[in-house]
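For reference, the structure discussed in these notes is given below.
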Amino acid sequence: MSRADRLAKKLFIKTYGCQMNVYDSARMADVLAPLDYAAADGPEDADMVILNTCHIREKASEKLFSELGRLRRVKATRETEGRTLILAVAGCVAQAEGAEIFRRAPYVDLVFGPQAYHRLPEMVARATRAGGGVLDTDFPVESKFDYLPQASKESPVSAFLSIQEGCDKFCTFCVVPYTRGAEFSRPVSAVLEEAQGLVDAGAREITLLGQNVNAYHGEHPVGGRATLAGLIDVLAGIEGLLRIRYTTSHPRDMDDDLLALHGSEPKLMPFLHLPVQSGSDAVLERMNRGHRVEHYLERVARLRHHRPDIALSSDFIVGFPGETEADFEATLALVREVGFAQAFSFKFSPRPGTPAAMMEDQLPEAEKEERLARLQVLLTAQKQDWNAATVGRRLPVLFESAGRHPGQLVGRSPYLQAVHVESPGVAIGEVAEVVITALHANSLAGREVASSPAAAPDKGDATRPCV
Ligand code: SAH
Ligand code: SF4
Ligand code: F3S
């Protein structure tokens, strides 16, 4: 095969689910780059398609099979032209459904779970040589992180870095402990090396990822284990790295050091996604969340003590089995008390194999929908208020990409809000002081102001929304 033929291979990865899947998809592309797979614009253009799937809520498998049905036709067309299309299913549905995928879609070539990505070149070779399906849903003894290559030469300004994977908490509604396996933390040295590589490749902001990122307990080079606070402390020393974020945290693992770090480490951004799920102790108990409402509120109060302007985000599940109107109203009360800058809210979805799916007192769909709508009215109003309260403030914006108008750049405020600025005097990857001038549907508009040491950036006060 000539070099030109080899270079003609194209890869298309479609990513569903959480940021960890986004990170994993990028690493799969890195693993396949030495096999001369370059990025394709779409499945029609590709020699290999990977669906990186998510199993967290309903209809994940149905969505997968209808997508596979479409790809089957692309593959058939390709075969009439004498070419092949390798079809692969990765991610959490692959882990959960395994061989069932080959049974229902025998034209699929590869099915592999999140712990097998480093073995992708070998799987591709096996599928190409032998034909037929290759399945890899083991939890191998070796860690994929030790085998994945360094991230590619160019990084986005804001990059993801997985530092922890898996979960031992076993919330009764959740599939993650089954699809991602037991909790595992990467050593500090490995994280530091990857972070430095990302910064060298252009990253200015890094979001540390983990299913329970604040349960991080990676080996420390000086011995013992580092907490997330300890790790962030080390990473903050990287020159050129301007901003650090982390997600997703569990309220139980929000320790005092981490809370305090929000007040003392300027690179740690004042935005925290801290899922609470419900405002009712009875529901939290049946969810096996391992904390009460009071604990959550106490952690939030401490956080605000250390960093008064912090913006909070959360996840909510409504209509958990046995949730009464009073339980639901307790959730509304918690939302009113805390005040969220943004949040994700979901109807409870019974996931096969999880304890909550087998609980009695499952709620009717209509009731779940009605409660979700009521919660979302409140959360949307809080988000609006929070964003509106930013108008007129002066904030440092880190620019990440070009906007739609000539000269316009789009960046993020410290609170993760998207901000559009016309012709700022800085480049992508740099920070400018911006006065927020207007609120749009999903973003803010701003105008750059000349920095002057006398006028310190506005750190805000406790401008939490109050609805
Ligand atoms: N590790 C994180 C969340 C991971 S899943 C944590 O502990 O909070 C992301 C979100 O999906 C969850 O916070 C939850 O709100 C939602 N979710 C998970 N399983 C769900 C289910 N069975 N039904 C509805 N929402 C669910
Ligand atoms: Fe799922 Fe709970 Fe683990 Fe989060 S903490 S990943 S919700 S089991
Ligand atoms: Fe989905 Fe798996 Fe992430 S189930 S949310 S892709 S960990």
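The values are calculated or read from the model by the stated rules, or taken from the named source; none is laboratory data. Nothing here was measured: the structure is a model prediction, and the numbers come from that model. Note: ideal-geometry Cβ built from the backbone for every residue, glycine included; neighbour counts use all protein chains shown. Accessible surface areas use protein heavy atoms only, side chains included; no ligands, DNA or RNA. Shrake-Rupley method; radii C 1.70, N 1.55, O 1.52, S 1.80 Å.
Here are Ser66, Ser25: which of them is within 17 Å of the chain's Cα centre (by Cα), part of a helix (DSSP H, G or I) and at negative phi? Walk me through it before giving the result.
Values: Ser66 fails: within 17 Å of the chain's Cα centre (by Cα).
Of the residues listed, the single one that is within 17 Å of the chain's Cα centre (by Cα), part of a helix (DSSP H, G or I) and at negative phi is Ser25.
Need the failing condition index for Ala389 against (1) within 26 Å of Thr247 (Cβ to Cβ); (2) within 12 Å of ligand 1 (Cβ to nearest atom); (3) open to solvent by 10 Å² or more (accessible area, probe 1.4 Å), just the number.
(2)
State which residue pairs qualify: first residue more than 16 Å from ligand 1 (Cβ to nearest atom) and inside the range 262-286, second residue modelled with pLDDT under 95 and open to solvent by 50 Å² or more (accessible area, probe 1.4 Å) in any location, beta carbons under 9 Å apart, and separation of 6 or more residues or different chains.
Once the first residue is more than 16 Å from ligand 1 (Cβ to nearest atom) and sits in the range 262-286, its partners that are modelled with pLDDT under 95 and open to solvent by 50 Å² or more (accessible area, probe 1.4 Å) give Pro270/Lys459.
Can you pull out every residue in the range 200-223 that is touching a Gly at 6+ places or on another chain (Cβ under 7 Å) and open to solvent by less than 10 Å² (accessible area, probe 1.4 Å)?
Correct list: Tyr216 only.
I need every pair where a residue in the range 238-255 that is outside the structural domain of Leu192 (by TED's automatic domain parsing) has its Cβ under 7 Å from the Cβ of a residue that is assigned to a loop (DSSP other than H, G, I, E, B) and more than 16 Å from ligand 3 (Cβ to nearest atom), sequence separation at least 6 or different chains.
Going by the 7 Å Cβ cut-off, there are no qualifying pairs.
When only residues in the range 10-55 that are small (Gly, Ala, Ser) and under 21 Å from Gly69 (Cβ atoms) count, which is surrounded by the most Cβ atoms within 10 Å (Cβ to Cβ)?
Ala46
Does Glu154 satisfy the criteria of being open to solvent by less than 20 Å² (accessible area, probe 1.4 Å), outside the structural domain of Arg73 (by TED's automatic domain parsing), out of contact with any His (no Cβ under 6 Å at 6 or more places or on another chain) and not basic (Lys, Arg)?
On the way: open to solvent by less than 20 Å² (accessible area, probe 1.4 Å): no; outside the structural domain of Arg73 (by TED's automatic domain parsing): yes; out of contact with any His (no Cβ under 6 Å at 6 or more places or on another chain): yes; not basic (Lys, Arg): yes.
No: the conditions fail for Glu154.
Can you run down the residue pairs with Cβ atoms below 7 Å, 6 or more apart or on separate chains, where the first is in the range 62-84 and closer than 12 Å to Ala105 by Cα and without any contact (Cβ under 8 Å) to a residue 60 or more places away in the chain and the partner is of a type outside the set (S, T, N, Q) and open to solvent by 100 Å² or more (accessible area, probe 1.4 Å)?
Close Cβ pairs (under 7 Å, with a partner that is of a type outside the set (S, T, N, Q) and open to solvent by 100 Å² or more (accessible area, probe 1.4 Å)) amount to Phe65/Arg104.
Collect the residues in the range 351-382 that are at pLDDT 95 or above, open to solvent by 20 Å² or more (accessible area, probe 1.4 Å), within 24 Å of the chain's Cα centre (by Cα) and within 14 Å of ligand 1 (Cβ to nearest atom), keeping them in residue-number order.
If the condition is that a residue be at pLDDT 95 or above, open to solvent by 20 Å² or more (accessible area, probe 1.4 Å), within 24 Å of the chain's Cα centre (by Cα) and within 14 Å of ligand 1 (Cβ to nearest atom), then Leu372, Gln376 are the ones that fit.
Within the range 162-181, is even one residue touching a helix residue (DSSP H, G or I) at 6+ places or on another chain (Cβ under 6 Å) and part of a strand (DSSP E or B)?
Yes; the residues of the range 162-181 include at least one that is touching a helix residue (DSSP H, G or I) at 6+ places or on another chain (Cβ under 6 Å) and part of a strand (DSSP E or B).
For Ala438, work out the one condition from (1) closer than 30 Å to Asn288 by Cα; (2) modelled with pLDDT of 95 or more; (3) surrounded by fewer than 17 Cβ atoms within 10 Å (Cβ to Cβ) it doesn't fulfil.
That leaves (1) as the condition not met.
Condition test on Glu265, is it over 24 Å from Glu294 (Cα atoms), more than 15 Å from ligand 2 (Cβ to nearest atom), open to solvent by 40 Å² or more (accessible area, probe 1.4 Å) and assigned by TED's automatic domain parsing to the domain that holds Ser155?
Working: over 24 Å from Glu294 (Cα atoms): yes; more than 15 Å from ligand 2 (Cβ to nearest atom): yes; open to solvent by 40 Å² or more (accessible area, probe 1.4 Å): no; assigned by TED's automatic domain parsing to the domain that holds Ser155: yes.
So Glu265 fails the test.
So, of the residues in the range 28-56 that are over 17 Å from His118 (Cα atoms) and in a helix (DSSP H, G or I), which turns out to be modelled with the highest pLDDT?
Pro43
Among the residues of the range 189-221, count how many are closer than 23 Å to Asp30 by Cα and within 16 Å of ligand 1 (Cβ to nearest atom).
From the range 189-221, those closer than 23 Å to Asp30 by Cα are 189-211; that's our starting set.
Next, from what is left, pick out any that are within 16 Å of ligand 1 (Cβ to nearest atom): 207-211.
Count: 5.
So is Phe160 within 16 Å of ligand 3 (Cβ to nearest atom) and either touching a strand residue (DSSP E or B) at 6+ places or on another chain (Cβ under 6 Å) or without any contact (Cβ under 8 Å) to a residue 24 or more places away in the chain (or both) or not? It would help to see each step written out before you state the result.
Values: within 16 Å of ligand 3 (Cβ to nearest atom): yes; either touching a strand residue (DSSP E or B) at 6+ places or on another chain (Cβ under 6 Å) or without any contact (Cβ under 8 Å) to a residue 24 or more places away in the chain (or both): yes.
The answer is yes for Phe160.
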